[in-house]
Each structure stands twice: as C-alpha cells, then as structure tokens.
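Just so you know, all these numbers are worked out from the coordinates, no wet-lab data involved. Everything numeric here is computed off the predicted structure, so don't read it as measured data. Because the Cβ atoms are built from the backbone with ideal geometry, glycine has one as well, and the counts that use them run over all protein chains shown.
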Amino acid sequence: MTYGDATPSRGTPDRTPGGGAEPALTDTERTERELADALAALAGGVLPDPDAYRTARGEWLRRERRRRLVLTVLVAVVFTLATLIGLWVLNQAPSDPGVIFSGDGSPAASGPSPPRPQP
C-alpha cells in the first residue's frame, strides 16, 4: 500500500467500510478521530487486575499499622524523656533540710496541743 492508495484525492469523499460517504474532514479533525479510535481500542484492551482492591487495601493497612507504630514509639519516647527530666530535676534539689519558717512569728503554743473535743 502506498501513500496514494491510502489518501483520497481532493474533492472525492472518504469511503467508509459501510459504503456510505462521510463529509470531508480537515486534517485536524481526521487526526483527532484517528487518535480517538486508537485510544478507544487501547482502552478496550485494558482489563482491571482481579485482586486490585485486595492489594490496595493491604497496602493501606500496612501504612496504617506503620503510622500507629510510629505514634506509639513517639509517645513512649516523649513520656520517657519527661519522666527522666522530672527525676533529674527532683534529684538536683538540696539534700539538707531547708528552713521552712525563719522563726520571726510568735509560737502558737509552747507545749503539746490540747485534745480536740469529740462531737
């Protein structure tokens, strides 16, 4: 088949396989139609993977488990650090007993406190 065999001469209508005449198409319209036909044929040959949903769901579950694991580890690390910092701060307190009252006030009683009355 040569270029002249596949290309109709100007002024003659394109012949379809059904025998009817189509209106003359511009080069752009013909190209668009041929591309549409080629893409339709290509799309018709594509079949979905039978276990595509199972694969996608498994991947999603793996990501969810990984997110939960990372969050759990992060919470454990933050909790451990907060506990260690708190213990370190408490350990830095002076070990000798500090003065709670300086003795400037008058004592309330010089002896043991009297017993409380029972109701």
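Extension gain for Arg67-Arg33 works out to 7.4 nm (0.36 nm per residue, less the C-alpha to C-alpha distance). For every other residue with a beta carbon closer than 14 angstrom to the beta carbon of Gly58, add +1 if it is Lys or Arg and -1 if Asp or Glu, then tell me the sum. Charge balance near Gly58 sits at +2.
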